[in-house]
């Protein structure tokens, strides 16, 4: 039996980092997807086959009996993805009360580890495909929750934002109350975004820790910044509903500066962010955890100019309109 | 009779823009000076001779009877300086109750209109030199106050920060209460700063208005940012007293991001700020009103590397240690 699902990447529109401290965030699924196939094995091993992940393909096998497998290779990002597959299978197995041997094949239209939520997409896709193999088509809420648990296990700290948007698609307004408040907004899913990508220099977990440390050392300075980011998100939610692109752009610019003040942006990200504005974007900001990775530019009618500007400063641009579609079961072959 | 005074330039260390909204700021005099000579004339005309202002020298004459003089030339920054000379003479004349004809000659070691407080230096220097000619060696407090009045008349909005530091020198902690609280800090005046300069694209008054408008439109977002800047200033005051350079550097980086979020930084400023960090500065930020102009980098032992990095991205670097000396009477010739 073989189950194939696909999951969208995401961009964080507003509120990254601040969401870790209780502020709301807006995230959006994009029209670039990650595909995961799960195929039953006769033994209880797990074999992971990762293709097109912008790193050379790599095949790794581990079994339940040697859980401490560590892989020493140059495939930095890929090894990261393996951890998510493994924990996702673990989490799903516990939830379903059964453990299967499985071959997992991953293909991606997006760069991995670039802040486009590929680890969440891997988690969501693995949970979904593996569950189908195990005979369960889980409700979306359970899939999102297991995928979030997966991220928590791998990263120690994780917001439910990435796994939610990978599961549900569209634009989500998320408030990390307990339980998490998630609201799917009614918005135009074809907002004209260009994404710029550069290599990352830091890991998400390091960056989250960096902000946490900064907030601990300079609480009276950092807390108002996080609060301001939360309020930007609220304003942006209203502006999205009205499709008020100039306001969205202004809010993106403010949010970018605040992320820069938290020390999570880089020279390469800032180069892309400012070049995009120079080329006519109504707003631009880094997106995701930072330390390199991606920026987004809202640039109606200026997609070509902004893409060129991003290229000029050494980034890799691609157009990625917002997408309303979340987790999708592509095929189930007996 | 001829009176010659010199006045230091300044950099804003922390708190620019936020001070307009009641937050405290830290400003420091630098080891680059502007020299103003005032020479008595037999008539009641005012003749201004501006030299070395990084614009071609220009000589303008106006009299009390044609106060509406407007000058249409390309000497953008210089024409600005003329306005300050004129209003400074006006303010001093009112205060002293007498009006003299005078030749004013200005020389500067700094670029004009670059956020180094040259307009304040012109105001302070003109008030001081003109008063000496008129037979009065005014107390520093009165000179600072008349110079601030001068800036208010020219710009409509002005903090007393630039005129105070030009008058008193050293590092000043300023809280814009009524009356303004000004505290001269006991600090090492040789802190190793490198300044980077690029052409300005916007005027101070436009930038102050931009922040005011932004705050009006997005009060709940912008107010916490201004508050955070104020708290950075308080932390920095303590760090300065302890000569804790790593903390000062971190606070500069946070402050820069917040200024960026207010929309007053530019791509050229950010290029210099990030290049300086890359080259080993412990902290860097834009300084002054923004829209181009200057950035400062705190870079103990890395002055050469940081200067080079600033040059590489198209800026003009110069070393400017903090200076303890304010207004200085250079000579009075009968």
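Every number here is computed from the coordinates shown, using simple stated rules; none is lab data. Fair warning: this is a prediction, and the values are worked out from it, not measured in the lab. In this analysis, Cβ positions are derived from the backbone assuming ideal geometry, glycine residues included, and neighbour counts consider all displayed protein chains.
For residue A:220, the label point sits 7 Å beyond Cα toward Cβ; its separations from the matching points on the remaining copies run 2.6 nm, from shortest to longest. Label sites at residue A:319 and residue B:319, each approximated as a point 7 angstrom past Cα along Cα to Cβ, lie 5.3 nm apart.
Rg and Dmax, both from the Cα atoms of the stretch A:113-168 and both in Å, are 10.6, 33.
With r defined as the distance between the Cβ atoms of residue A:41 and residue A:203 and R0 fixed at 41 Å, what FRET efficiency is calculated, to the nearest 0.05? Calculated transfer efficiency: 0.85. When only alpha carbons of the stretch B:176-223 are considered, Rg and Dmax amount to 16.7, 41 Å. Evaluated over the Cα positions of chain B, the convex hull gives a direction-averaged projected area, one quarter of its surface, of 16.0 nm². Applying 1/(1 + (r/R0)^6) with r as the Cβ-Cβ distance of residue B:244 and residue B:140 and R0 = 45 angstrom yields a FRET efficiency of 0.90. Note on the stretch A:103-250: the C-alpha convex hull projects to 10.9 nm² when averaged across all orientations. Model label sites at residue B:94 and residue A:21, defined 7 Å from Cα along the beta-carbon direction, differ in position by 4.6 nm. Between residue B:220 and residue B:305, the modelled label-to-label distance comes to 4.5 nm, taking each label 7 Å out from Cα in the direction of the beta carbon. Pair-distance distribution P(r) for the stretch A:193-318, from all Cα-Cα distances in 5 Å bins starting at 0: 2, 12, 20, 21, 19, 14, 8, 2, 0 percent.
Comparing the stretch A:246-334 with the 2.2 N^0.38 Å rule of thumb, its C-alpha radius of gyration ratio is 1.25 (two decimals). Entry note, the stretch A:193-318: relative contact order of 38 percent, from Cα contacts under 8 Å with a spacing of 6+ residues. The calculated P(r) of the stretch B:284-334, using every Cα pair and 5 Å bins from 0, goes 4, 15, 21, 19, 14, 8, 8, 5, 4, 1 in percent.
Its residue count N fixes a reference of 2.2 N^0.38 Å for the protein assembly as shown, and the Cα radius of gyration divided by that reference is 1.13.
Kindly rank B:120-127, A:160-167 from highest to lowest mean number of other beta carbons found within 10 Å of each residue. Intermediate values should be presented prior to the final figure.
Values: B:120-127: 33.2, A:160-167: 29.0.
Taking the mean over residues of other Cβ atoms within 10 Å, the ranking is B:120-127, A:160-167.
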